[in-house]
Amino acid sequence: MKNYIISIDQSTSATKAILFDDKCRMIYRSAIAHKQYYPKPGWVEHDAEEIYTNSLKAVKEILECKKIETDAIYSVAITNQRETVVVWNKETGKPVYHAIVWQCQRGADICTNLINKGYSDLIKRKSGLIIDPYFSASGIQWILDHVEGARTLAEQGKLLAGTIDSWLLWKLTEKKEHATDYTNASRTLLFNIHTLDWDDELLALFSIPRSMMPKARPCDSIFGTSSFEGICPQPVTIAGILGDSHGALAGQMCFEPGMGKCTYGTGSSVMINIGKKTLKASKGLVTSVGFSACGNTYYAYEGNIHCTGATIKWLKDELKLIDNPDEVEELVESIPDNGGVYFVPAFAGLGAPWWDPQTKAMIYGMTLGTGKAHMVRAALEAIAYQVKDLIDLMTKQAGITLKELRVDGGPTRNNFLMQFQSDMLDTNINRSGVEEASALGAAIMNGLARGIWTSLEDVTTLRKTNKITSSKMNKKTRKQLYSGWLDAIEKIHKTTN
């Protein structure tokens, strides 16, 4: 008899259901896209009921895929787009407004008001986060302030609020369970990451009644049971919930302090396990609950880079220097070095640790001998420099050494980039071959909750390493190249400011 785990991976663009076996192997997946709503410039919404319906459809497709043995035991885990928030009426079961998505900027005035009143340090000290509409709190306040009758209903205890995991759980358990996990809670601006509970002072700052908020639990909890509205012949256990980036951290099995993950995409998300104690984050970083399992809570630093893969796309679409990303590696390997050329891709300003939104992109160090290959190579190297900037900041602040960087995303197929990244960090880059890392992280929490595995060490033995890239660069060359990058950053600051 096998234990199968179905992970619902509810992302910004679609809802997936992924089937894993008890060896952490992906067996099957389905995906259903949902509509994006843009009622005003800078506003982004989702239909929470559409997302719930799509979750049912995705799970139904998994159960009908004929990949599950007839005598199998299966359960359901959830990972989700973080910060996106729903407010609903607990009597009617209907949202009072569309879900406000993490990308939405409608809460900017609420956040600016709190910043101007001097609450930045207080909120960061308690929540680990910066005041920004990216996080959930301003979205909840906006709904209470702007939807007719919403605040009155909330004060009467008739409204509930939560991130997408909370909404799905409440619906799936037929209104029995209003809960979330520590990772999703830690992305709301309302959760005290030290006490692991909702903070009354933070709730008051955003004028949100405590009665609206879900019960917060460790990631490896059993959250309830559901028949998925009759799709399942009998109720199945829902266990294992965490936000998607945290799911990737767990899915990459970064269970030890000093282990980090980087997802290379349009931008890049970097997260490092900093251990069992909260640590203050430098400007540009946030501290969140990384994951909570086996009786321990592990915290993480997180930072995001604006332009990584987007830079390569710009070279292709706008400058026409390449026809497709697959030819980049051969092109950059055709020259021995960058020829002194540095590309600072500040198309949306400079992120951490520089945090200069006014800075513009710049290509520095060109001569008459500079060719197409030098420009493309400089763009590729810039990805590694930016990741180094962020990881150096994280490890210095945490007082730890990076043990290994586990990576995923399309750009990891580029061998030159992975080697250069290893050289710049002077550490191993592990391309693990993990597919659906966030969903796998939720499945791991599910298995721990249900006793399939009894420890994080048990899970680690199941990891299948795909490819390790080790540093080959000497210290002198590394320092020289990185100094060139820092020099380019300094010059772009002078030019802009």
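The values are calculated or read from the model by the stated rules, or taken from the named source; none is laboratory data. The structure displayed is predicted, hence computed values, not measured ones. In this analysis, Cβ positions are derived from the backbone assuming ideal geometry, glycine residues included, and neighbour counts consider all displayed protein chains. For the accessible areas, the whole protein counts, side chains as well, though only heavy atoms, and no ligand, DNA or RNA atoms are used. Shrake-Rupley method; radii C 1.70, N 1.55, O 1.52, S 1.80 Å.
In the stretch 368-383, is there at least one residue being part of a strand (DSSP E or B) and closer than 16 Å to Thr263 by Cα?
no
Taking the stretch 245-282 only, how many residues are in a loop (DSSP other than H, G, I, E, B) and either surrounded by 24 or more Cβ atoms within 10 Å (Cβ to Cβ) or over 12 Å from the mean Cα position of the chain (by Cα) (or both)?
Total meeting the criteria: 15.
Looking at (1) free of Cβ contacts under 8 Å to residues at least 24 places away in the same chain; (2) assigned to a helix (DSSP H, G or I); (3) farther than 17 Å from Gly42 by Cα, which is the one condition that is false for Lys126?
With respect to (1) free of Cβ contacts under 8 Å to residues at least 24 places away in the same chain; (2) assigned to a helix (DSSP H, G or I); (3) farther than 17 Å from Gly42 by Cα, Lys126 is out only on (1).
Restricting the search to the stretch 17-46, which residues are hydrophobic (A, V, I, L, M, F, W, C), in a strand (DSSP E or B) and crowded, with 20+ Cβ neighbours inside 10 Å?
Answer for the stretch 17-46, where residues must be hydrophobic (A, V, I, L, M, F, W, C), in a strand (DSSP E or B) and crowded, with 20+ Cβ neighbours inside 10 Å: Ala17, Ile18, Leu19, Phe20.
Go through the stretch 294-303 and count every residue that is surrounded by fewer than 24 Cβ atoms within 10 Å (Cβ to Cβ) and hydrophobic (A, V, I, L, M, F, W, C).
Count: 1.
Within the stretch 397-497, which strands (runs of 3 or more DSSP E) (wholly inside it) include 1 or more residues that are in contact with a Cys (Cβ under 6 Å, 6 or more places away or on another chain) and open to solvent by less than 20 Å² (accessible area, probe 1.4 Å)?
Once the strands (runs of 3 or more DSSP E) in the stretch 397-497 are filtered for at least 1 residues that are in contact with a Cys (Cβ under 6 Å, 6 or more places away or on another chain) and open to solvent by less than 20 Å² (accessible area, probe 1.4 Å), what remains is 404-408.
Can we say Val387 is farther than 23 Å from Gly251 by Cβ, open to solvent by less than 10 Å² (accessible area, probe 1.4 Å) and not polar (S, T, N, Q)?
No: the conditions fail for Val387.
Give the residues of the stretch 1-16 that are β-branched (Val, Ile, Thr) and not in a strand (DSSP E or B), sorted by residue number.
We begin by selecting, within the stretch 1-16, every residue β-branched (Val, Ile, Thr); these are 5-6, 8, 12, 15.
Matches in the stretch 1-16: Thr12 only.
For the stretch 348-363, indicate whether the set of residues that are part of a helix (DSSP H, G or I), of a type in the set (Lys, Arg) and under 17 Å from Thr308 (Cα atoms) is non-empty.
Checked the stretch 348-363: no residue is part of a helix (DSSP H, G or I), of a type in the set (Lys, Arg) and under 17 Å from Thr308 (Cα atoms).
Being small (Gly, Ala, Ser), at pLDDT 90 or above and either open to solvent by less than 40 Å² (accessible area, probe 1.4 Å) or in contact with a helix residue (DSSP H, G or I) (Cβ under 7 Å, 6 or more places away or on another chain) (or both): is that true of Ser136 here? Explain how you work it out, then say what you get.
Details: small (Gly, Ala, Ser): yes; at pLDDT 90 or above: yes; either open to solvent by less than 40 Å² (accessible area, probe 1.4 Å) or in contact with a helix residue (DSSP H, G or I) (Cβ under 7 Å, 6 or more places away or on another chain) (or both): yes.
Against the criterion (small (Gly, Ala, Ser), at pLDDT 90 or above and either open to solvent by less than 40 Å² (accessible area, probe 1.4 Å) or in contact with a helix residue (DSSP H, G or I) (Cβ under 7 Å, 6 or more places away or on another chain) (or both)), Ser136 qualifies.
Please specify each residue of the stretch 101-123 satisfying the condition of being open to solvent by 10 Å² or more (accessible area, probe 1.4 Å) and touching a strand residue (DSSP E or B) at 6+ places or on another chain (Cβ under 8 Å).
Of everything in the stretch 101-123, just one residue is open to solvent by 10 Å² or more (accessible area, probe 1.4 Å) and touching a strand residue (DSSP E or B) at 6+ places or on another chain (Cβ under 8 Å), namely Arg106.
Would you please name the residue that is nearest to Ala442 (Cα to Cα), looking only at residues in the stretch 47-105 that are assigned to a loop (DSSP other than H, G, I, E, B) and among the hydroxyl-bearing types (Ser, Thr, Tyr)?
Here the answer is Thr84.
Restricting the stretch 41-73 to residues that are of a type in the set (D, E, K, R) and at pLDDT 90 or above, which is farthest from Pro95 (Cα to Cα)? Talk me through it step by step, then tell me what you get.
Taking the stretch 41-73 and keeping what is of a type in the set (D, E, K, R), we get 45, 47, 49-50, 57, 60-61, 64, 66-67, 69, 71.
Filter once more, so that each one left must be at pLDDT 90 or above: 45, 47, 49-50, 57, 60-61.
On the way: Glu45: 12, Asp47: 9, Glu49: 8, Glu50: 11, Lys57: 20, Lys60: 24, Glu61: 26 Å.
Selected residue: Glu61.
Which of the residues spanning the stretch 50-89 are open to solvent by 60 Å² or more (accessible area, probe 1.4 Å) and either closer than 12 Å to Ile164 by Cβ or hydrophobic (A, V, I, L, M, F, W, C) (or both)?
Scanning the stretch 50-89 gives a single hit, Ile73.
Looking only at the stretch 309-356, count how many residues are at positive phi and surrounded by fewer than 17 Cβ atoms within 10 Å (Cβ to Cβ).
Of the residues in the stretch 309-356, 4 are at positive phi and surrounded by fewer than 17 Cβ atoms within 10 Å (Cβ to Cβ).
In the stretch 183-203, which residues are assigned to a loop (DSSP other than H, G, I, E, B) and open to solvent by 20 Å² or more (accessible area, probe 1.4 Å)?
His194, Thr195, Leu196
Between a first residue in the stretch 204-232 that is within 20 Å of Ile8 (Cβ to Cβ) and open to solvent by 10 Å² or more (accessible area, probe 1.4 Å) and a second residue that is in a loop (DSSP other than H, G, I, E, B) and modelled with pLDDT of 95 or more, which pairs have beta carbons less than 6 Å apart while being 6 or more apart in sequence or on different chains?
As it stands, the answer is Gly224/Thr173; Gly224/Glu177, since those pairs meet every condition given.
Tell me the residue from Trp142, Trp170 that is in a helix (DSSP H, G or I), of a type in the set (Phe, Trp, Tyr) and closer than 17 Å to Ile78 by Cα, please. Spell out how you get there, then give the answer.
Details: Trp142 fails: closer than 17 Å to Ile78 by Cα.
The match here is Trp170.
Within the stretch 166-185, is even one residue polar (S, T, N, Q), in contact (Cβ under 8 Å) with a residue 24 or more places away in the chain and more than 21 Å from Gln10 (Cα to Cα)?
Within the stretch 166-185, none of the residues are polar (S, T, N, Q), in contact (Cβ under 8 Å) with a residue 24 or more places away in the chain and more than 21 Å from Gln10 (Cα to Cα).
Go through the stretch 355-408 residue by residue and tally those that are free of Cβ contacts under 8 Å to residues at least 60 places away in the same chain and aliphatic (A, V, I, L, M).
Going through the stretch 355-408 one residue at a time, the tally reaches 7.
Exactly one condition in (1) in a loop (DSSP other than H, G, I, E, B); (2) among the charged types (D, E, K, R); (3) touching a residue at least 60 places away in the same chain (Cβ under 8 Å) is not met by Asp337; state its number.
Among (1) in a loop (DSSP other than H, G, I, E, B); (2) among the charged types (D, E, K, R); (3) touching a residue at least 60 places away in the same chain (Cβ under 8 Å), the lone unmet condition for Asp337 is (3).
(1) open to solvent by less than 70 Å² (accessible area, probe 1.4 Å); (2) under 24 Å from Lys396 (Cα atoms): which one isn't true of His306, the others all being true?
(1)
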